[in-house]
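Just below is one structure, and these are the notes that go with it.
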Amino acid sequence: MTESAAPEPSVPLVSGEPREIAAGVYVIPDGGVPLVPNVGLVDGARSTLVVDTGMGPRSGAAVLAHAQRLAAGKPLLLTTTHFHPEHNYGAQVFAPVATIVYNRTQLDELHSKGLAYAELFRGFGATVAGELEGLELVEPDVVYDGEADLDLGGRPVHLRSFGRTHTQGDQWVYLPAERVLFAGDLLENRGFPIFPFFPPDDVDVDGGRWIAALEELERLEPELVVPGHGEVADAGLITTVREFLVELRAETGRLAAEGLAIDAIAERLEQEQRERHPDWVQPEWIGLGARSFHAAAR
Ligand SMILES: [Zn+2]
């Protein structure tokens, strides 16, 4: 007889092995685990760049170990796609050893919301709270306004932002030579777009600007797209996500014009979109997306 036990909730720990998706460009995959992001490692002749840290010091340490192995003594750079905990809250382990680069809006948002989001995430349960034990939010070494270009040594990197979209300060990381795009939470693969629409605390997500940002990303014509969560894809993923957002906005407006209240709109669209995308995770974001579009149209 074997003992049975309740399945453990997935520990949100970066635990994958780096996979080379282009020469010198690696992704540590999220493994499909909630609150684990795809992490990027970009190795140049002179330095090595890390994109996103995972949530908390344990994940950050796992990412740092991979980065140091790859860098083999070269200087390390860290940037994050946005301030959200699973993307940024492992930065503290990098602070003593890496040059940390953020755009100013992302840094301002980390200052204004960082501690509140740590509290919010601790409320998700002991497993998540455990990963945030000993958390320190750290300051970057370099802050840029507008856009920034890095050269890791034969490997140019573009840091770009469209401003307020999924958060106030989302940044994408584009490698123009390899045509690889790290999109952060502007894109999820087989997951509904994440709308952190939590009135009155956080209503900064802007679906309309998000759609415009995705149009800009489509114009880059990347060959490989690394979403915040989910499998690495091609440029078709950008179109898929943009079309979902356009439809969610249109349907929210149509049902509102028919006189439906927002609760009914959110419920109906969640049901419809779950049926339409049965293999996409985290359907709870559908209703919050509808609420965000509804609030923006008023
Ligand atoms: Zn996010």
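The values are calculated or read from the model by the stated rules, or taken from the named source; none is laboratory data. The shown structure was predicted, so the numbers you read here are calculated from the model rather than taken from an experiment. Cβ sites come from the backbone with ideal geometry, for glycine too, and all protein chains shown count toward neighbours. Ligands, DNA and RNA are stripped out before the accessible areas are found, and what is left, the full protein with its side chains, is counted by its heavy atoms. Shrake-Rupley method; radii C 1.70, N 1.55, O 1.52, S 1.80 Å.
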ask   = Tilt of helix 57-71 relative to the longest C-alpha principal axis of the chain, in degrees (0 to 90, nearest 10)?
value = 50 degrees
query = Cα atoms only, the stretch 32-185: Rg and Dmax in Å?
reply = 14.6, 44
note = Restricted to the stretch 1-134, the DSSP antiparallel beta bridge percent, nearest 5, is 60 percent
ask   = Taking the chain, how much of its Cα-Cα pair set, in percent, is spaced more than 25 angstrom apart?
value = 47 percent
query = Taking only DSSP H segments of four or more residues, each worth -39500 (n - 2.57), what value at 222 nm results for the chain once the sum is divided by all its residues, to the nearest 500 deg cm²/dmol?
reply = -11500 deg cm²/dmol
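How high is the relative contact order of the chain, in percent, with contacts defined as C-alpha pairs under 8 Å that are six or more residues apart?
Normalised by residue count, the contact order of the chain is 14 percent.
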Heavy-atom accessible area per residue - the stretch 134-175, 1.4 Å, Å² = 40 Å²
Candidates L181, L70, L13: whichever shows maximal mean-square fluctuation once the chain is modelled as a Gaussian network with Cα springs under 10 Å = L70
task = Please tell me the relative contact order of the stretch 195-248 in percent, rounded to the nearest whole number, where contacts are Cα pairs under 8 Å and at least six residues apart.
result = 27 percent
key: Cut-off under 5 Å, modelled amide H: who pairs with I100 long-range   = L78, D141, V142
note = Out of E272, E258, E136, a Gaussian network model of the chain with alpha-carbon springs under 10 Å gives the largest mean-square fluctuation to E258
The stretch 97-125 versus the stretch 128-146: alpha-carbon centroid distance in Å = 5 Å
task = Return an integer: the convex hull volume of the alpha-carbon atoms of the stretch 205-298, in Å³ per residue.
result = 93 Å³
task = Calculate how steeply helix 262-276 sits against the longest principal axis of the alpha-carbon atoms of the chain, using the helix alpha-carbon long axis, and give the answer as 0 to 90 degrees to the nearest 10.
result = 60 degrees
remark   = The size of the Cβ-based charge dipole (Lys, Arg +1; Asp, Glu -1) of the chain about the Cα centre, to the nearest 20 debye, is 360 debye
query = For the Cα atoms of the chain, what angle does the longest principal axis make with the long axis of helix 104-122, in degrees from 0 to 90, nearest 10?
reply = 70 degrees
query = If we count every other residue with Cβ under 15 angstrom of P176's Cβ, Lys/Arg +1 and Asp/Glu -1, where does the sum land?
reply = -3
ask   = Using a 1.4 angstrom probe with every protein chain in place, what is the largest-first accessible-area order of R160, R69?
value = R69, R160
query = Relative contact order for the stretch 218-298: what is it in percent, counting Cα pairs under 8 Å that are at least 6 residues apart?
reply = 25 percent
remark   = Summed over the other residues with a beta carbon less than 14 angstrom from that of G60, with K and R at +1 and D and E at -1, the charge totals -4
message = How much of the DSSP bridge set in the chain is antiparallel, in percent, rounded to the nearest 5?
response = 60 percent
query = For F121, F162, what's the largest-to-smallest order of accessible area, 1.4 Å probe?
reply = F162, F121
